1. Take the range 74-96 and flag every residue that is under 19 Å from residue 185 (Cβ atoms) and among the aliphatic types (A, V, I, L, M).
2. Can you pull out the helices (runs of 4 or more DSSP H) entirely within the range 51-124 that have at least 3 residues that are buried (at least 20 other Cβ atoms within 10 Å of the Cβ)?
3. For the range 481-502, how many residues are within 29 Å of the chain's Cα centre (by Cα) and either touching a residue at least 24 places away in the same chain (Cβ under 8 Å) or open to solvent by less than 10 Å² (accessible area, probe 1.4 Å) (or both)?
4. Of everything in the range 411-430, what is in contact with an Asp or Glu (Cβ under 8 Å, 6 or more places away or on another chain) and either open to solvent by 50 Å² or more (accessible area, probe 1.4 Å) or β-branched (Val, Ile, Thr) (or both)? Give them in sequence order.
5. In this structure, does residue 375 turn out to be in contact (Cβ under 8 Å) with a residue 12 or more places away in the chain, outside any loop (DSSP other than H, G, I, E, B), closer than 22 Å to residue 301 by Cα and of a type in the set (Gly, Ala, Ser)?
6. I need the full set of residues from the range 9-29 which are among the hydrophobic types (A, V, I, L, M, F, W, C), modelled with pLDDT of 95 or more and open to solvent by 20 Å² or more (accessible area, probe 1.4 Å), in order please.
7. Collect the residues in the range 283-307 that are assigned to a strand (DSSP E or B) and of a type outside the set (Lys, Arg), keeping them in residue-number order.
8. Quick one: would you say residue 261 is assigned to a helix (DSSP H, G or I), open to solvent by 10 Å² or more (accessible area, probe 1.4 Å) and touching a residue at least 60 places away in the same chain (Cβ under 8 Å)?
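The values are calculated or read from the model by the stated rules, or taken from the named source; none is laboratory data. Predicted model, so just to flag it, every value in this text is computed and none were measured. Methodologically, a virtual Cβ is constructed for each residue, glycine included, from the backbone with ideal geometry; neighbour enumeration extends over all protein chains shown. Areas reflect the complete protein model, heavy atoms only, side chains present, ligands, DNA and RNA absent. Shrake-Rupley method; radii C 1.70, N 1.55, O 1.52, S 1.80 Å.
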Amino acid sequence: MALTKSAALASTPLFQIDSVALPWRDRIKLSYDRARAISRLYDLNMNDVLTVSQKYWAFQRDPIHTMDGAAATLLTIHYNLCLGTISMFPESKAELVKKLLAFEVSGQYCLTEVGHGLDAMHLETTATLLETGELEINTPTEAAAKFMPPTTPCGMPCVAVVFARLIVHGVDKGIRAILVPLHDGREMFPGITAKALSPRGGSQPVEHALTYFQRVRVPGRSLLGQIDGKALDPKTAFTHNIFRVVVGTLSMGALALSGLHVSSYVAGTYSMRRVVNDSVTHQPKPIIAFSTQKIPVLTALAQIFVLEAFCNQTYEVFVAAENIQEKHFIAAVFKTTVCSHAFQNFSALGDRCGAQGLFGVNQISGVHVNIRGASIAEGDILGISIRFAMDLIMGRVSAPASSDPTGILFQHESSIRAEFREIVRSAGKTHSREAVDSLILPRCQELICAVGDRLAVEAARQRNVDPLLIDLYIASVVKEDAAWFSEHARLSQGTQRRMEREAVEALYPQLQSMLERLEIAEYVTAPIVSDERWRSHVRGLPSFKGGNGTESAVVEPWL
């Protein structure tokens, strides 16, 4: 199932080394080296990036990204956001593009400002056209500092796509994208300041930063697009210019799915290997035999196989869609659905590995942290859920038609949407804002996930996924909104539990084969998946030993 183009690369020392014990700067360098190796493996061209080709999608879907969240971050910013934006403008500089494609220059993307976040339409950074024909980039306030992209010197030159308000003869021409060189790999260029932020807890260090511009001048040709190219509708123009964020929404959902592959494999394999003494037979018994292990592991696997079908179908719909709104909607539904399931599984799978699940070396906690970042990047799942749930309620966008209008998941989706519309209708114009804020906004993600779950199951059926896997997926969805299915679908609590239990027991004999079908073993470095790896890991741990190694040692009282 998983893509294996990078399997050989994943097995090299570059990716097998445990970077946790390395000095901070060495860890950052390692992530850049890994990103460069992945870049060379895929050798993408500009058309791949622009069209989101099959090759580009394979690159984004490659599970090697789960082995180093920092390298994955660097690559998605570099190719999708930076190069992707440049690819939209035919007058782009060929020499710079060549260096970016070869990852000889690091590409960054400076859109979000610390004081504006998702409200990027009101960003404050300015790019003023001078009489010389140059553009002067300026950060007018502390709130206008560009937030998150790793713009500090990293050993290789760096250029950024910087979004700013284009000011021509005192007139605001809207938010535009401008190419701005940031540093030569060692020192920031004059007028540009990057302040390294404190590290994100638990993830590989990327050295995110705040970036400021103090009257930085660049040639007029650095503007992506024409100076007089302002559209009549500033919002439409802005949406077009940040289109690669939409592509990123799709990609981040795929990354979350890859993370779920890794975590499920680690937890499942560990649960089969780990044994305890059975209290009845007094014989060793693998912990996977207990329902407390069996249910979360098999549920995660069922969701993976169903969501894989959804992933493939979403990509096909995305590339075939003719407008940004349609592309953004299907990408948002996919990302929100996958991330929502992934987060529930990461916690459950990590907990079922006991104390071992807490250690980053066993990957589950590290993957969890990295996917938390991905769920925020290129469209925070709550933010995009609110946007598209409201669009659904108001009829500004439509979900794909159901292939099974009588199905229980379509009924679930339709019921929630109808409930939200009734809330808006009954509130009237005077109280609609308060009703939306208190009764609908907290549940927008619920509606988007309901759409996604229905689409995922329909995609799985169309692509001939094992019905037992689909049954367990549906049981897991029912479990998440037990009250609705009890109240509206007449599924009692006992019936709901029986659905889950029967699906789990039916799939349990296939556990080993399902883990193998993930095709993810080459990307797993967790010591707890085998006795051999665990022994090797222990041999490499720092040791603190007392005495001189004699056969008998006496510990003198010291208290």
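1. Hits for the range 74-96 are 74, 75, 77, 83, 96.
2. Where helices (runs of 4 or more DSSP H) fall fully within the range 51-124 and carry at least 3 residues being buried (at least 20 other Cβ atoms within 10 Å of the Cβ), they are 54-61, 69-75, 84-87.
3. 2
4. Passing the criteria: only 416.
5. In short, yes.
6. 9, 14
7. 284, 286 - these are the residues of the range 283-307 that are assigned to a strand (DSSP E or B) and of a type outside the set (Lys, Arg).
8. Against the criterion (assigned to a helix (DSSP H, G or I), open to solvent by 10 Å² or more (accessible area, probe 1.4 Å) and touching a residue at least 60 places away in the same chain (Cβ under 8 Å)), residue 261 does not qualify.
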